[in-house]
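Student: Have a look at this one.
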Amino acid sequence: MPAFVQALAVVPARAARTNASAQGLRVTRVRLRDLSASDIAQWAELAESSSQPNPFWHPDFVLPAAMVLAPRNTVELVVAHSGDGWRGCLPVCHASRGPLHLLASFTNAYCFDGTPLIAGGCEEQVAEALVAHLEREVRGALWLPTLVDGPATTALIAALGESRNLEIAEERSWERSVLTEKGAGELASRLGKKARSELRRRRRRLADDLGAAPRCKPLDSGDAVLNECLRVEASGWKGKAGTALACDPRHAGFFRQVARAFDARGAFVAYGLLVGDRLAAFVTALSAGGQLFAFKRGYDEGLRRYAPGRLLDVDFADYFVRERPERLVDSCCGRGDDVMAGLWPERRGVRSLLVTRGWALRAATRVALPAYRGARRALAATGTRATGGARLLRSRLASGGARPGE
C-alpha cells in the first residue's frame, strides 16, 4: 500500500450528511441522481453568473462527465442555499472510502478548473459556509486541485485559514498561459521574424502538396464535424497510447454531448484549419463569464511536417480579437506542460490544496507526501505504468491538470 494511503488510515472515516449554516446560508450535500429539474436550473443559473467563471462545473459538463467517469454515483454537490436560490456549489466525490477517507473535488481528465461556483458579491459568506460544512464532512483529507486565482479562490483560502479543524497541509502553485487582446497584438513579435517566415513557408508547402489553400474557420457542432475532430485527435500519439477520446465510445459520446449542450447556449467554440475538405487541426473551447476555456485540440498526424497545430494557433489569436466577444482565453495547460507559453505572454495563477483534519493526519501527510513523490519519480524513471490505487492517487494528487486534449 502506498505511503500516502497508509497515512490517511490514521483517521477513521464517518459518513456525514449534516447541514451547516453561516451568514444566513444553508449548506447541504446532494447526490447528482437526486437532483430535481428545479435544482439543475438553479445550478445552471449559478454557473452562468458566478463571480469567477468555470464552465467545467456547469451541469452541462458535470452530469455527462459523471456518467462516464464516475459510474457508481459517487459524485455529489456541496450546495450553499439562500432564500433566492443557489449561492455556491462545489462538486465532490469520494476518492476513497472506509478507513482511507479522501474527499476530493470532481476534477478529472477533462476538467481544467476546480474553482467553486460562488455568486458575485457574497464570496466571503459563501466560502465560510462551505468550509463550515466541510469541517463536519471531512474525516480524513480534502483534495482541491486546480483552483484558479480570483475572488472565489481567495475567499475559499481565507475561510480555510480561519478554520479550527481543517488546515492546508500542502499547497502547490503555478501559472498557465492566457490570451488577451493585448497578448494577441504582441504575438507576431513573440514569434520573431524567422519563425513567421518558416510558418509562411510551411503554409505554402501544405497548399502545394495537397492542392488547396489552407484556410481557418469556425466549425459547427454537427455530427460530421465532431466525428472528424475525434478522428484527427486519434491520428497521433494519443490514439497509439489509447488516450484519445475515440478510443473509448463512452468518452467520445461525452465529448459530443458536452459540445451539443454548450452549443445550444452559444457557449461552445470550435475552430479548425482545413485544406480542401480535410481537417488538418482543430481547437475547441467552452465559454463562460466572458472568458474562453480550452477544452480539446488536435492535429492530423499525417500532416505533422507542415505544423498545422501552430498554423492554427496563430490564426486563432486573430480570430479571437476580430470575432469573439470574450476578453480572455485560458489555455488550461498543466504545470510544466504549457504548450502555449511561447505564444501567449500573459499568465494566471493556479493552485492545488491538500486540506487535512487533525494533528495526527497533518503530521502523517507531511511525512508521506515526499515518499509518494519519490515513488512517482521512480515509476517515471523506469517507464512503469501506474495501476490500480497508484493511478487513483496520481490522478487525485497530480499537479493540477493536463494540457487540453489529454
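The values are calculated or read from the model by the stated rules, or taken from the named source; none is laboratory data. Keep in mind it's a predicted model, so treat the numbers as computed, not measured. All Cβ positions, glycine included, derive from the backbone under ideal geometry; neighbour counts span all protein chains shown.
Student: Against the conditions (1) under 24 Å from Glu170 (Cβ atoms); (2) assigned to a helix (DSSP H, G or I); (3) out of contact with any Asp or Glu (no Cβ under 6 Å at 6 or more places or on another chain); (4) modelled with pLDDT of 95 or more, where does Phe4 fall short? Just the number, please.
Tutor: All conditions are met except number (4).
Student: Being crowded, with 21+ Cβ neighbours inside 10 Å and either at pLDDT below 90 or assigned to a helix (DSSP H, G or I) (or both): is that true of Leu130 here? Even if it seems obvious, please write down each step before you answer.
Tutor: On the way: crowded, with 21+ Cβ neighbours inside 10 Å: yes; either at pLDDT below 90 or assigned to a helix (DSSP H, G or I) (or both): yes.
It is true that Leu130 is crowded, with 21+ Cβ neighbours inside 10 Å and either at pLDDT below 90 or assigned to a helix (DSSP H, G or I) (or both).
Student: Which of (1) touching a residue at least 60 places away in the same chain (Cβ under 8 Å); (2) touching a Gly at 6+ places or on another chain (Cβ under 7 Å) does Val321 not meet, given it meets every other one?
Tutor: Checking Val321 against (1) touching a residue at least 60 places away in the same chain (Cβ under 8 Å); (2) touching a Gly at 6+ places or on another chain (Cβ under 7 Å), the one that fails is (2).
Student: In segment 160-181, how many are in a loop (DSSP other than H, G, I, E, B) and either within 18 Å of the chain's Cα centre (by Cα) or not small (Gly, Ala, Ser) (or both)?
Tutor: Step one: of segment 160-181, the residues in a loop (DSSP other than H, G, I, E, B) are 163-165, 180.
Okay, now just the ones that are also either within 18 Å of the chain's Cα centre (by Cα) or not small (Gly, Ala, Ser) (or both), so 164-165, 180.
The qualifying residues number 3.
Student: Of all residues in segment 207-223, which are more than 26 Å from the chain's Cα centre (by Cα) and among the acidic types (Asp, Glu)?
Tutor: Within segment 207-223, Asp208, Asp209 meet the criteria.
Student: Check whether at least one residue in segment 357-372 is among the polar types (S, T, N, Q) and either at pLDDT 85 or above or surrounded by fewer than 21 Cβ atoms within 10 Å (Cβ to Cβ) (or both), and report yes or no. Write out each step before concluding.
Tutor: Looking only at segment 357-372, we keep the residues that are among the polar types (S, T, N, Q), and these are 365.
Among the residues that remain, those that are also either at pLDDT 85 or above or surrounded by fewer than 21 Cβ atoms within 10 Å (Cβ to Cβ) (or both) are: none.
No, the conditions are met nowhere in segment 357-372.
Student: Now a separate question. Among the residues of segment 291-342, what is the count of those that are within 22 Å of Phe61 (Cβ to Cβ) and small (Gly, Ala, Ser)?
Tutor: The number of residues fulfilling the criteria is 4.
Student: Tell me, which residue of segment 323-346 that is hydrophobic (A, V, I, L, M, F, W, C) and not in a loop (DSSP other than H, G, I, E, B) is surrounded by the most Cβ atoms within 10 Å (Cβ to Cβ)? Break it down into steps so the answer makes sense when it comes.
Tutor: Initially, segment 323-346 is screened for residues hydrophobic (A, V, I, L, M, F, W, C), giving 328-329, 332-333, 339-341, 343-344.
Cutting the leftovers down to not in a loop (DSSP other than H, G, I, E, B) gives us 328-329.
Details: Leu328: 18, Val329: 26.
So, considering only residues that are hydrophobic (A, V, I, L, M, F, W, C) and not in a loop (DSSP other than H, G, I, E, B), the one surrounded by the most Cβ atoms within 10 Å (Cβ to Cβ) is Val329.
Student: Here's a follow-up. Pairs under 6 Å by beta carbon, first residue more than 21 Å from Gly253 (Cα to Cα) in segment 37-62, partner assigned to a loop (DSSP other than H, G, I, E, B), six or more apart or different chains?
Tutor: Ala47/His58; Ser51/Gly120; Gln52/Thr115; Gln52/Gly150; Pro53/Gly289; Asn54/Asp113; Asn54/Thr115
Student: If you go through segment 179-198 one residue at a time, do you hit one that is touching a Lys or Arg at 6+ places or on another chain (Cβ under 9 Å), touching a residue at least 12 places away in the same chain (Cβ under 8 Å), more than 29 Å from Gly276 (Cα to Cα) and of a type outside the set (Val, Ile, Thr)?
Tutor: yes
Student: So which of Arg256, Arg215, Arg201, Arg265 is at pLDDT 95 or above, out of contact with any helix residue (DSSP H, G or I) (no Cβ under 6 Å at 6 or more places or on another chain), among the basic types (Lys, Arg) and more than 21 Å from Phe316 (Cα to Cα)? Steps first, please.
Tutor: Values: Arg256 fails: out of contact with any helix residue (DSSP H, G or I) (no Cβ under 6 Å at 6 or more places or on another chain); Arg215 fails: more than 21 Å from Phe316 (Cα to Cα); Arg201 fails: more than 21 Å from Phe316 (Cα to Cα).
After applying the criteria, what remains is Arg265.
Student: Counting only residues that are in contact with a helix residue (DSSP H, G or I) (Cβ under 7 Å, 6 or more places away or on another chain) and either hydroxyl-bearing (Ser, Thr, Tyr) or free of Cβ contacts under 8 Å to residues at least 60 places away in the same chain (or both), which one in segment 299-318 is farthest from Gly192 (Cα to Cα)?
Tutor: Within segment 299-318, the match that is farthest from Gly192 (Cα to Cα) is Tyr299.
Student: What number of residues within segment 264-295 are charged (D, E, K, R) and either crowded, with 18+ Cβ neighbours inside 10 Å or not assigned by TED's automatic domain parsing to the domain that holds Asp208 (or both)? Before you say what the answer is, go through the steps one by one.
Tutor: Filtering segment 264-295 for residues charged (D, E, K, R) gives 265, 277-278.
Applying the additional criterion that residues be either crowded, with 18+ Cβ neighbours inside 10 Å or not assigned by TED's automatic domain parsing to the domain that holds Asp208 (or both) yields none.
So the count comes out to 0.
Student: Of everything in segment 99-122 that's more than 18 Å from Val350 (Cβ to Cβ) and not aliphatic (A, V, I, L, M), which residue is surrounded by the fewest Cβ atoms within 10 Å (Cβ to Cβ)? Walk me through how you get there before you give the answer.
Tutor: Going residue by residue through segment 99-122, those that are more than 18 Å from Val350 (Cβ to Cβ) are 99-103, 119-122.
Restricting the remaining residues to those that are not aliphatic (A, V, I, L, M) gives 99, 101, 120-122.
Working: Pro99: 14, His101: 23, Gly120: 13, Gly121: 11, Cys122: 20.
Across segment 99-122, the extreme among qualifying residues is Gly121.
Student: Hey, does segment 313-328 have a residue that's among the hydroxyl-bearing types (Ser, Thr, Tyr), on the phi < 0 side of the Ramachandran plot and touching an Asp or Glu at 6+ places or on another chain (Cβ under 8 Å)?
Tutor: The first filter runs over segment 313-328 and keeps only residues among the hydroxyl-bearing types (Ser, Thr, Tyr), leaving 319.
Subsequent filtering for residues that are on the phi < 0 side of the Ramachandran plot retains 319.
Going one step further and asking which of them are touching an Asp or Glu at 6+ places or on another chain (Cβ under 8 Å), we end up with none.
No, segment 313-328 contains no residue that is among the hydroxyl-bearing types (Ser, Thr, Tyr), on the phi < 0 side of the Ramachandran plot and touching an Asp or Glu at 6+ places or on another chain (Cβ under 8 Å).
Student: Evaluate segment 208-222: report whether one residue or more is among the hydroxyl-bearing types (Ser, Thr, Tyr), without any contact (Cβ under 8 Å) to a residue 60 or more places away in the chain and farther than 22 Å from Ala307 by Cβ. So that I can check it myself, show each step before the final result.
Tutor: Let us first name the residues in segment 208-222 that are among the hydroxyl-bearing types (Ser, Thr, Tyr), namely 221.
Okay, now just the ones that are also without any contact (Cβ under 8 Å) to a residue 60 or more places away in the chain, so 221.
If we keep only those that are farther than 22 Å from Ala307 by Cβ as well, we get 221.
Yes: one or more hits.
Student: Also: Among the listed residues Arg139, Arg196, identify the single one that is exposed (fewer than 15 other Cβ atoms within 10 Å of the Cβ) and farther than 20 Å from Arg351 by Cβ. Working first, answer last.
Tutor: On the way: Arg139 fails: exposed (fewer than 15 other Cβ atoms within 10 Å of the Cβ).
It is Arg196.
Student: Also: Of all residues in segment 244-281 being out of contact with any strand residue (DSSP E or B) (no Cβ under 7 Å at 6 or more places or on another chain), touching a residue at least 60 places away in the same chain (Cβ under 8 Å) and of a type in the set (Gly, Ala, Ser), which is farthest from Glu301 (Cα to Cα)?
Tutor: Ala261
Student: Related question: Might you let me know whether segment 182-189 holds any residue that is in a strand (DSSP E or B) and not β-branched (Val, Ile, Thr)?
Tutor: Taking segment 182-189 first, the residues in a strand (DSSP E or B) are none.
Checked against the condition, which is being in a strand (DSSP E or B) and not β-branched (Val, Ile, Thr), segment 182-189 yields no hits at all.
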